[in-house]
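Here the structure comes first, spelled out in structure tokens, and everything after it is commentary.
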Amino acid sequence: MSDFAINTVDLSPEGDALCIVDQTLLPGTVKMLRLTAQKDIWQAIYTLQVRGAPAIGIAAAIGMYLAAKEIVADDFDGFMAQFAEKKAYLASARPTAVNLFWALDQMEACALSHRGEALPAVVAALRAEAMCLREEDIAMCKAIGRHGAPLIQPGMGVLTHCNAGALATVAYGTATAPIYRAKELGVQNFTVYCDETRPLLQGARLTAFELMQNGVDTCLLCDNMAASLMQQGRVQLVLVGADRIARNGDAANKIGTLGVAILAAHYGIPFYVCAPTSTIDMAMADGGGIEIEQRAPAEVTEMWYQKRMAPEGVRVYNPAFDVTGHGLITGIITQHGIAKAPYEAAFRAWGL
Ligand code: MRU
């Protein structure tokens, strides 16, 4: 579906390290990292060396296996007490993407289901579980691609925000999966517009990079140019990812997504959120309860500039995500199909 050669997140063949591509260096430098220490894995998630909700979840799952491998305990309860501490530490790396907590919970449930077995067997089960979650992520993204691809027709302009691509998942991406699948099916002559995505430029650095690597006709724009592009009739479809979807369909995604959704509604352009069900948080009634990560002011004032571009001491507003109300969303594409409002009923029909 996608020829993208970079392995975003994996366990080393020896089973002793988390292997990621350092996304802070892309697209100029492709550098693979081998991380073993918990503090390095935490730091990689916090600094966005590995980022994107599904990829963060898989990195944390592999990180938990690596942590479990090092636990020295007399019995299962002692093992689980240390496991819980290490889980809480990794969970503190970023607050918004529910996939992080989902993956850590899956790992804990796996360990608990092996109570009574020798500790090396529990650790072996955790390794298998992390790899199973990784495989499942690939399958879910492929299925999102199959369900979303028919939305893409020849001659269309498709706009996306941030990077919900292969670099944000194990492979294929969520918002990019329909794009890669459409290309594979031979849909010709469509263009993908990438918002650059200030302040961390995931659209410019990552989405434009991976789409071009995959031979997709790609056009980069600054975030403030989307309105004029839509006004000219050059966008027929918007596909974005999500970090957490509340059970009423409100969807948190990269800051700026809400603005794109409002514009799409204004111009009558279908706006779809693409996400695996691991991104749906049925415990969250609506988007108002989703914690929005606040990040360092320097990301706005000086990062990416050759010299600082804002007055010293200026107060900075730098939320990493915003919440798009379900009323602005045309549909939510998951591995099960396309959910339409009312979303809670659709999610429950999928067994969530
Ligand atoms: O801060 P980031 O780069 O981790 O934010 C990523 C996004 O907002 C993505 O759109 C989202 O995680 C979905 S990735 C399939």
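General remarks:
- Count of the range 259-283 residues, restricted to those that are crowded, with 19+ Cβ neighbours inside 10 Å and either farther than 15 Å from Ala175 by Cβ or free of Cβ contacts under 8 Å to residues at least 24 places away in the same chain (or both), is 4.
- The lone exception for Asn99 - which of (1) among the polar types (S, T, N, Q); (2) at pLDDT below 95; (3) buried (at least 18 other Cβ atoms within 10 Å of the Cβ) it fails: (2)
- Restricting the range 285-307 to residues that are aliphatic (A, V, I, L, M) and within 16 Å of the ligand (Cβ to nearest atom), the residue that is surrounded by the most Cβ atoms within 10 Å (Cβ to Cβ): Ile290
- Residue match in the range 319-326 (condition: among the aromatic types (Phe, Trp, Tyr) and touching a residue at least 60 places away in the same chain (Cβ under 8 Å)): yes
- Some residue of the range 188-198 being within 15 Å of the ligand (Cβ to nearest atom), within 24 Å of Ser278 (Cβ to Cβ), in contact (Cβ under 8 Å) with a residue 60 or more places away in the chain and not hydroxyl-bearing (Ser, Thr, Tyr): no
- Any hit, the range 47-66, residues being in contact with an Asp or Glu (Cβ under 8 Å, 6 or more places away or on another chain), without any contact (Cβ under 8 Å) to a residue 60 or more places away in the chain and away from the ligand (no atom under 15 Å from the Cβ): yes
- Highlighted here are the strands (runs of 3 or more DSSP E) found entirely within the range 232-321 that include at least 2 residues which are among the β-branched types (Val, Ile, Thr): 237-240.
- Taking the range 219-254 as the range and being within 16 Å of Ala53 (Cβ to Cβ), aliphatic (A, V, I, L, M) and either out of contact with any Phe, Trp or Tyr (no Cβ under 6 Å at 6 or more places or on another chain) or not assigned by TED's automatic domain parsing to the domain that holds Val192 (or both) as the test, the residues that pass are Val240, Ala242, Ile245, Ala246, Ala251.
- A Cβ distance below 8 Å, combined with a sequence gap of six or more or placement on separate chains, defines the contacts here; from the range 202-226, residues that are in a helix (DSSP H, G or I) reach residues that are among the basic types (Lys, Arg) and modelled with pLDDT of 95 or more in the pairs Gln202/Arg51; Gln202/Lys254; Asp223/Arg198.
The values are calculated or read from the model by the stated rules, or taken from the named source; none is laboratory data. These figures come from a predicted structure and were not determined experimentally. Cβ: placed from backbone, ideal geometry, glycine included. Neighbour counts: every protein chain shown.
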